[in-house]
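Have a look at the structure below, then the notes.
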Amino acid sequence: MKKFHNVKKKRKSLKKNLLVLHIKFFFGMAFNKIFASGSLPALVKFRSRCAYSDENDSSNGTNGSIQEVMPASAFKVNPNLGYKVHHHLLQLGIETPYDPLITDSSNENAANNARKIEQITDKFKEIMEILGLDLTNDSLEKTPRRVAKMYVEEVFWGLNPHNFPHISTVKNSMKYDEMVIERNINVSSHCEHHFVHIDGIAHVGYIPKERVIGLSKINRVVRYFSKRPQIQERLTEQIYAALSYVLETQDVAVTVIAQHFCVKCRGIEDVNCNTVTSKLGGIFQTDQKTRGEFIRLIQIPNANCQ
Ligand SMILES: Nc1nc2c(ncn2[C@@H]2O[C@H](COP(=O)(O)OP(=O)(O)OP(=O)(O)O)[C@@H](O)[C@H]2O)c(=O)[nH]1
């Protein structure tokens with residue numbers, strides 16, 4: 001009888017152990033899956049998006065409310081500043097003709113991107129079918145979706161003020177009053193007439209007043225406006241206006257030099273030409289010497305490689 005009880009006890013404990021093992025296995029698998037798919041970091045980021053508020057925002061929005069979101073790659077954004085810059089550009093008549101209510105995929109509209117990708121996928125399928133392409137071919141079947149994702153997540157995310165970069169500035173306690181130039185900033189954009197690539201560089205200079213800007217933030221502003229269907233003149237104006245707004249000075253100079261693939265690869269097919277645009281404000285515009293110095297400094301070779 002005692003033996004029978006012992007066997008029963010052992011069976012019970014074995015069952016219990018098995019149950020614990022199953023639970024551990026199940027949760028372990030689920031946990032791994034969430035991590036492997038990146039859902040957990042995405043969830044954390046989504047929560048941080050929702051936590052956005054405009055508390056602590058300074059007058060022009062620099063150093064203000066920051067969020068970690070991932071429009072195209074991980075970087076800090078400042079939607080508040082994005083909307084302020086958007087209204088500033090509207091007032092100046094140089095904003096891209098678009099509706100931020102449609103393009104904003106923030107907070108409660110997080111599903112917008114997915115919906116847009118679905119819609120563009122369907123439309124692009126149609127375009128390919130009209131061209132006579134076989135969408136059952138394994139190399140072509142996913143192209144409509146690739147193109148849709150590229151438009152929404154990779155090349156046109158600058159149409160969303162929510163993705164405007166966080167701009168860090170520090171007090172100009174060293175009283176630096178000469179020009180600062182960020183040169184050879186990569187410009188990768190798309191022309192709004194043909195939706196093909198614009199490949200170039202930008203040089204941006206400014207003369208600090210009360211505050212100096214984090215250098216990479218200049219590159220980020222150039223990148224933000226490049227991630228839209230553009231024409232080079234507007235791109236140049238927008239970079240200038242946004243930077244002079246956040247730096248609270250007109251003493252800003254922007255030059256963009258780019259090759260337009262709509263000129264290079266189609267139409268006139270001129271492979272050698274490039275386009276130069278510039279916007280000089282404040283002292284860069286009014287003072288011949290300052291203007292000349294900017295032009296001279298952007299032309300000197302890179303110190304580290306030549
Ligand atoms: N001003 C300006 N024009 C641009 C830019 N990007 C493309 N374009 C031009 O936009 C123009 C559109 O002209 P359209 O005659 O309507 O178009 P198209 O028939 O394709 O013109 P072609 O390119 O000459 O074949 C072209 O001349 C392009 O070179 C830009 O950034 N700025």
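Taken over the alpha carbons of region 234-296 as equal point scatterers, the Debye sum produces base-10 log I(q)/I(0) values at 0.19, 0.21 Å⁻¹ of -0.74, -0.81. Say the cut-off is 22 Å between C-alpha atoms; which of 227/264; 116/217; 175/217 go over it? 116/217, as the Cα separations exceed 22 Å there. Largest first, the three principal axis extents of the alpha carbons in region 156-224 are 47, 25, 15 Å in whole numbers.
Assuming a viscosity of 1.567 mPa s and a temperature of 4 °C, what translational diffusion coefficient in µm² per second does Stokes-Einstein assign to region 171-299, Rh being the Kirkwood radius over Cα pairs? Rounded to a whole number, D works out at 86 µm²/s. Among the trypsin sites (Lys or Arg not before Pro) within region 160-251, those in coil by DSSP and having at most 15 neighbouring Cβ atoms inside 10 Å are 175, 209. Annotation: amide H of residue 75 within the under-5 Å range of 69, sequence separation 5 or more or interchain, hydrogens built in the peptide plane. Loop-located GluC sites (Glu not before Pro) across region 131-201 with a Cβ neighbour count of 16 or fewer within 10 Å are 141, 178, 192, with loop assigned by DSSP.
Read the figures in this text as sums done on the coordinates, not as results from a lab. These numbers come from a predicted model, not from an experiment. Cβ sites come from the backbone with ideal geometry, for glycine too, and all protein chains shown count toward neighbours.
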